[in-house]
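*Asks:* Mind having a look at this structure? Questions to follow.
The values are calculated or read from the model by the stated rules, or taken from the named source; none is laboratory data. Just so we're clear, the structure is a prediction, and the values are computed from it rather than from any experiment. Don't worry about glycine lacking a Cβ; one is built from the backbone with ideal geometry, like all the others, and counts go over all protein chains shown. All accessible areas refer to the heavy atoms of the entire protein, side chains included, with ligands and DNA or RNA removed. Shrake-Rupley method; radii C 1.70, N 1.55, O 1.52, S 1.80 Å.
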Amino acid sequence: MPLRSLLGPRAAAWAIGLLVAIGLAGSVYRIPIQVSDALETIERAVNTPSVSTSFVKGLRNSASMLRPLREVRTKLLVDAGDALGGRYDVAFRGYHALAGVVLVLLFVGTVGVSTWTDVAALVFALAVLTGMHTFSGMFREAYPTNHFLTISTYALATFALARSRGGWLVDVAAVACLVISLLTLESGVLIFAVAAAAALAGARGISYKGLGGMAAVLAGYALFRVGYLGLHTAGLGEHATGWWAGSVDPSEQLARFAANPFPFYTYNVVMSGISVLLSQPTAGRWTVAQAWQEGGLSPVFFVEMGSSALTTALIAWYALGHDASGRRRWRDPVVVTFVTILGASAILSWAYAKNEIISTAGVFYALAAYAAARAWLLQPPRWPAGAAVTLLAAVSTAWAVRDAGLHFKMRQSAFDARSEWARELKPTERERWPADPRQLAVVSRLKADAIAARVTPPVQLPQWAESWWGER
Amino acid sequence: MKGLLAVAAAPCAVALVFAASGVVALTGDAPLVWPARPATLSEAMASRDQGEVLRQVAAGVSLDMRYDVYGVIRPGEHTPSTPLEAAIATREDYMFQLAVAYGAHLGPDNAQVLFCLADAAKATGIRDALKEKFGAQSCEGVRLPW
């Protein structure tokens, strides 16, 4: 390979992507396997004889969820842990860290860098991607794998397929992405939304035949889920959620909205969409209003809301402008797909708001930020010398601050996950230990590995960091 | 080119720092950024660090000895404590129960000091549990550890 290409923009883009991915992997890998929403699934997988049995069991182990591939992934990782001599932590946490690497590198590959201006825009977009409040939800928890991360990865892969040169293999891959996603999480429907939106905007990588195949899969899924399995979806009074500056628990939801739930659903949808654009409300709750009322607006609100508002304005500026050929940019596949996924993710939040549900929209927000930053650098507005680039540099720095906060939050998640294990297999509560010897052996090993992991307690983290990166 | 560097500088710096930290974390025992510092068993207890408490107990550290606690119970001060005393400083019942569950000695010989410490520290849940088990204790003339 000639030296020139090794020192060129493409190589630089991959190198920067790799740096971001390694940093992410390092922090993710050190979070122990969590107990809540994870241990039960692992215990189920331990004594399941085969992957196919896991799949079949996964079809019917809930009245509202159809997630057999969650069971299959868990079974495969338990088997991998066995093959590694009982190192389940290596299997599960290694998988999570690797999945993060794949998402970041897929992002780099999807934007397609060719100049130094592209590299600068990519660096900005990677900071937006990893600094988004919706991104941390894909890495701070795993149940025992993070299915929101799976959906975001397949959504990004589908977008890359839509922008490819096409061919029958691309169609097959797009249908496979949809099938895998639908059987992982209900948000898998977003994969079809990505393919349809990209096609609508002129990206022809996935052919009409491929789109037809995806539509058939989606219809079959709906029939199977509702018609055959009779599963219902989440509704009013099943999860606590934010409501203006406070929150409403399930019983309060039923008391206030059972007669007419429409305002409640509308609130959840609208606020979930706004959350991606402004970093508030968080999970439906305007925590900034609460902090304002209590007289304690910490820097985290200014950094998060300021960087998001300016980046959203940048994307709006891009979408409302024209490209070099005079074509309106809102027709750009990146913009159309981002707006579609934003809307679709918001609609999926109708019953309750949660940062993780809108995580795929956060990924496409970063893609749109790339396109907008690139255009801003190539043809900045006619402001006084350097002002436009200085403003973008300031926004980029704010996102870098948020990016560092992701690692801070993951230290806290590691502490929480490790602490959860103190409640398991207590010597004074032997009657609550798993009766099955194999399950007991696996849980004992999981606990031993989680406890052996050295994590930083919050008391050792810098005090000032809480006001810049803490929970809000 | 200067403009491009200005846009990329801060995110690249953050990426570099955490990549270096990540490599060390993946290949070694702790990340470069915000690594866990060594703590005594009582410091871990006073910090509500249940995982660290269990790690040290599993490694054979005694739950009945007195260890130094620096800056956790009182900012900038050394307050040597047993793990049970440190648990009282957190005012959290679950921390106290954790120490007992994993073998910390709790008997008539140390109940009075612990009761009085819990009373002074306003750890009402722990104080009431001790009262239920050992009866009300007189705190007159009892010397508290901190």
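*Asks:* Please give the number of the condition residue B:145 fails out of (1) at pLDDT 95 or above; (2) surrounded by fewer than 19 Cβ atoms within 10 Å (Cβ to Cβ); (3) not hydrophobic (A, V, I, L, M, F, W, C).
*Replies:* Single failed check for residue B:145: (1).
*Asks:* I've got another one for you. Restricting to the stretch A:211-240, and then to whatever is under 23 Å from residue A:159 (Cβ atoms) and touching a Phe, Trp or Tyr at 6+ places or on another chain (Cβ under 6 Å), can you tell me which residue is most open to solvent (accessible area, probe 1.4 Å)?
*Replies:* Restricting to residues being under 23 Å from residue A:159 (Cβ atoms) and touching a Phe, Trp or Tyr at 6+ places or on another chain (Cβ under 6 Å), the top hit is A:218.
*Asks:* Could you look through the stretch A:379-395, keep only residues that are more than 11 Å from chain B (Cβ to nearest Cβ) and open to solvent by 40 Å² or more (accessible area, probe 1.4 Å), and pick out the one that is nearest to the chain's Cα centre (by Cα)?
*Replies:* Within the stretch A:379-395, the match that is nearest to the chain's Cα centre (by Cα) is A:379.
*Asks:* A further question follows. Looking only at the stretch B:16-39, decide whether some residue is more than 10 Å from chain A (Cβ to nearest Cβ) and modelled with pLDDT of 95 or more.
*Replies:* No: zero hits.
*Asks:* May I pose another question? I need the full set of residues from the stretch A:187-210 which are of a type in the set (A, V, I, L, M), touching a Phe, Trp or Tyr at 6+ places or on another chain (Cβ under 9 Å) and assigned to a helix (DSSP H, G or I), in order please.
*Replies:* The answer is A:189, A:190, A:191, A:194, A:195, A:197, A:198, A:199.
*Asks:* Hey, can you tell me all the residues within the stretch A:104-113 that are more than 13 Å from residue A:371 (Cα to Cα) and not aliphatic (A, V, I, L, M)? Reasoning before the result, please.
*Replies:* Taking the stretch A:104-113 first, the residues more than 13 Å from residue A:371 (Cα to Cα) are A:104-106, A:109.
If the condition is that a residue be more than 13 Å from residue A:371 (Cα to Cα) and not aliphatic (A, V, I, L, M), then A:109 is the only one that fits.
*Asks:* So which pairs qualify, if the first residue must be in the stretch B:124-145 and closer than 24 Å to residue B:73 by Cβ and among the charged types (D, E, K, R), the second must be assigned to a helix (DSSP H, G or I) and open to solvent by less than 60 Å² (accessible area, probe 1.4 Å), the Cβ gap must be under 7 Å, and the two must be at least 6 apart or on different chains?
*Replies:* Here the result reads B:127/B:115; B:127/B:118; B:131/B:115, each pair linking the stretch B:124-145 to a residue that is assigned to a helix (DSSP H, G or I) and open to solvent by less than 60 Å² (accessible area, probe 1.4 Å).
*Asks:* Looking only at the stretch A:45-56, filter to residues that are within 29 Å of residue A:418 (Cα to Cα) and in a helix (DSSP H, G or I); which one of those is nearest to the other protein chains (Cβ to nearest Cβ)?
*Replies:* A:46
*Asks:* I'd like to check something: does the stretch A:402-413 contain any residue that is open to solvent by 50 Å² or more (accessible area, probe 1.4 Å) and at the interface with chain B (Cβ under 8 Å from one of its Cβ atoms)? First the steps, then the outcome.
*Replies:* First, the residues of the stretch A:402-413 that are open to solvent by 50 Å² or more (accessible area, probe 1.4 Å): none.
No: the stretch A:402-413 contains no residue that is open to solvent by 50 Å² or more (accessible area, probe 1.4 Å) and at the interface with chain B (Cβ under 8 Å from one of its Cβ atoms).
*Asks:* Return the only residue of B:99, B:111, B:129, B:136 being surrounded by 20 or more Cβ atoms within 10 Å (Cβ to Cβ) and small (Gly, Ala, Ser). Don't jump to the end; show me each part of the working.
*Replies:* Working: B:111 fails: surrounded by 20 or more Cβ atoms within 10 Å (Cβ to Cβ); B:129 fails: surrounded by 20 or more Cβ atoms within 10 Å (Cβ to Cβ); B:136 fails: surrounded by 20 or more Cβ atoms within 10 Å (Cβ to Cβ).
When all the criteria are applied, what remains is B:99.
*Asks:* Scan A:33, A:42, A:16 and give me the residue that is outside any helix (DSSP H, G or I) and open to solvent by less than 30 Å² (accessible area, probe 1.4 Å). Even if it seems obvious, please write down each step before you answer.
*Replies:* Numbers: A:42 fails: outside any helix (DSSP H, G or I); A:16 fails: outside any helix (DSSP H, G or I).
Being outside any helix (DSSP H, G or I) and open to solvent by less than 30 Å² (accessible area, probe 1.4 Å) holds for just one of A:33, A:42, A:16, which is A:33.
*Asks:* Filtering the stretch B:41-76 down to residues that are of a type in the set (Val, Ile, Thr) and surrounded by fewer than 22 Cβ atoms within 10 Å (Cβ to Cβ), which residue is nearest to residue A:31 (Cα to Cα)?
*Replies:* Our first condition is that a residue be of a type in the set (Val, Ile, Thr); within the stretch B:41-76, this holds for B:53, B:57, B:61, B:69, B:72-73.
Those left that are additionally surrounded by fewer than 22 Cβ atoms within 10 Å (Cβ to Cβ): B:57, B:61.
On the way: B:57: 21, B:61: 24 Å.
Filtering the stretch B:41-76 for residues that are of a type in the set (Val, Ile, Thr) and surrounded by fewer than 22 Cβ atoms within 10 Å (Cβ to Cβ), the one nearest to residue A:31 (Cα to Cα) comes out as B:57.
*Asks:* Filter the stretch A:442-472 for residues that are in contact (Cβ under 8 Å) with a residue 24 or more places away in the chain, aliphatic (A, V, I, L, M) and closer than 24 Å to residue A:88 by Cβ and give the result.
*Replies:* A:442, A:443, A:446, A:450, A:451, A:453, A:455
*Asks:* Which members of the stretch A:414-448 meet the condition of being within 24 Å of residue B:29 (Cα to Cα) and either among the aromatic types (Phe, Trp, Tyr) or away from chain B (no Cβ under 11 Å) (or both)? Let's see the steps before the verdict.
*Replies:* Start the filter on the stretch A:414-448 by keeping residues that are within 24 Å of residue B:29 (Cα to Cα), which leaves A:414-422, A:442-448.
Hits for the stretch A:414-448 are A:415, A:421, A:442, A:443, A:444, A:445, A:446.
*Asks:* Any residue at all in the stretch B:13-21 that is open to solvent by less than 40 Å² (accessible area, probe 1.4 Å), under 22 Å from residue A:454 (Cα atoms) and free of Cβ contacts under 8 Å to residues at least 12 places away in the same chain? Full working, then the answer.
*Replies:* Taking the stretch B:13-21 as the starting set, the residues that turn out to be open to solvent by less than 40 Å² (accessible area, probe 1.4 Å) are B:14-15, B:18-19, B:21.
The next check asks that each one be under 22 Å from residue A:454 (Cα atoms); those that pass are B:18-19, B:21.
Next, from what is left, pick out any that are free of Cβ contacts under 8 Å to residues at least 12 places away in the same chain: B:19.
Within the stretch B:13-21 (the criterion being open to solvent by less than 40 Å² (accessible area, probe 1.4 Å), under 22 Å from residue A:454 (Cα atoms) and free of Cβ contacts under 8 Å to residues at least 12 places away in the same chain), the answer is yes, since at least one residue qualifies.
*Asks:* While we're on this one: Is one or more of the residues making up the stretch A:166-173 assigned to a helix (DSSP H, G or I), under 16 Å from residue A:107 (Cα atoms) and touching a Leu at 6+ places or on another chain (Cβ under 9 Å)?
*Replies:* Just the residues of the stretch A:166-173 that are assigned to a helix (DSSP H, G or I), to begin with: A:168-173.
When the remaining residues are screened for being under 16 Å from residue A:107 (Cα atoms), the result is none.
No, the stretch A:166-173 contains no residue that is assigned to a helix (DSSP H, G or I), under 16 Å from residue A:107 (Cα atoms) and touching a Leu at 6+ places or on another chain (Cβ under 9 Å).
*Asks:* Name the residues in the stretch B:1-12 that are more than 7 Å from chain A (Cβ to nearest Cβ) and either over 29 Å from residue A:9 (Cβ atoms) or crowded, with 16+ Cβ neighbours inside 10 Å (or both), would you?
*Replies:* B:9
*Asks:* When only residues in the stretch A:333-357 that are open to solvent by 30 Å² or more (accessible area, probe 1.4 Å) and assigned to a loop (DSSP other than H, G, I, E, B) count, which is farthest from residue A:471 (Cα to Cα)?
*Replies:* This residue is A:350.
*Asks:* For the stretch A:45-58: of the residues being open to solvent by 30 Å² or more (accessible area, probe 1.4 Å) and of a type in the set (Gly, Ala, Ser), which is farthest from residue A:452 (Cα to Cα)? Let's see the steps before the verdict.
*Replies:* From the stretch A:45-58, those open to solvent by 30 Å² or more (accessible area, probe 1.4 Å) are A:47, A:49-53, A:55-57; that's our starting set.
Next, from what is left, pick out any that are of a type in the set (Gly, Ala, Ser): A:50, A:52.
Numbers: A:50: 30, A:52: 33 Å.
Checked the stretch A:45-58; the qualifying residue farthest from residue A:452 (Cα to Cα) is A:52.
*Asks:* In the stretch A:117-165, what count of residues is obtained for those that are polar (S, T, N, Q) and open to solvent by 10 Å² or more (accessible area, probe 1.4 Å)?
*Replies:* First pass over the stretch A:117-165, keeping only residues polar (S, T, N, Q): A:117, A:130, A:134, A:136, A:145-146, A:150, A:152-153, A:158, A:164.
Filter again for open to solvent by 10 Å² or more (accessible area, probe 1.4 Å), leaving A:117, A:136, A:150, A:153, A:164.
Final tally of qualifying residues: 5.
*Asks:* Sticking with this one: Do we find that residue A:26 is within 14 Å of chain B (Cβ to nearest Cβ) and touching a Pro at 6+ places or on another chain (Cβ under 7 Å) in this structure?
*Replies:* Working: within 14 Å of chain B (Cβ to nearest Cβ): yes; touching a Pro at 6+ places or on another chain (Cβ under 7 Å): yes.
Yes, satisfied.
*Asks:* Working only within the stretch A:263-299, note down all residues that are within 20 Å of residue A:236 (Cα to Cα), among the aliphatic types (A, V, I, L, M) and open to solvent by 50 Å² or more (accessible area, probe 1.4 Å).
*Replies:* Answer for the stretch A:263-299, where residues must be within 20 Å of residue A:236 (Cα to Cα), among the aliphatic types (A, V, I, L, M) and open to solvent by 50 Å² or more (accessible area, probe 1.4 Å): just A:270.
*Asks:* Further, regarding this structure: Residue A:183: within 24 Å of the chain's Cα centre (by Cα) and closer than 21 Å to residue A:65 by Cα, yes or no? Show your work before the answer.
*Replies:* On the way: within 24 Å of the chain's Cα centre (by Cα): yes; closer than 21 Å to residue A:65 by Cα: yes.
Taking the combined requirement at face value, the residue satisfies it.
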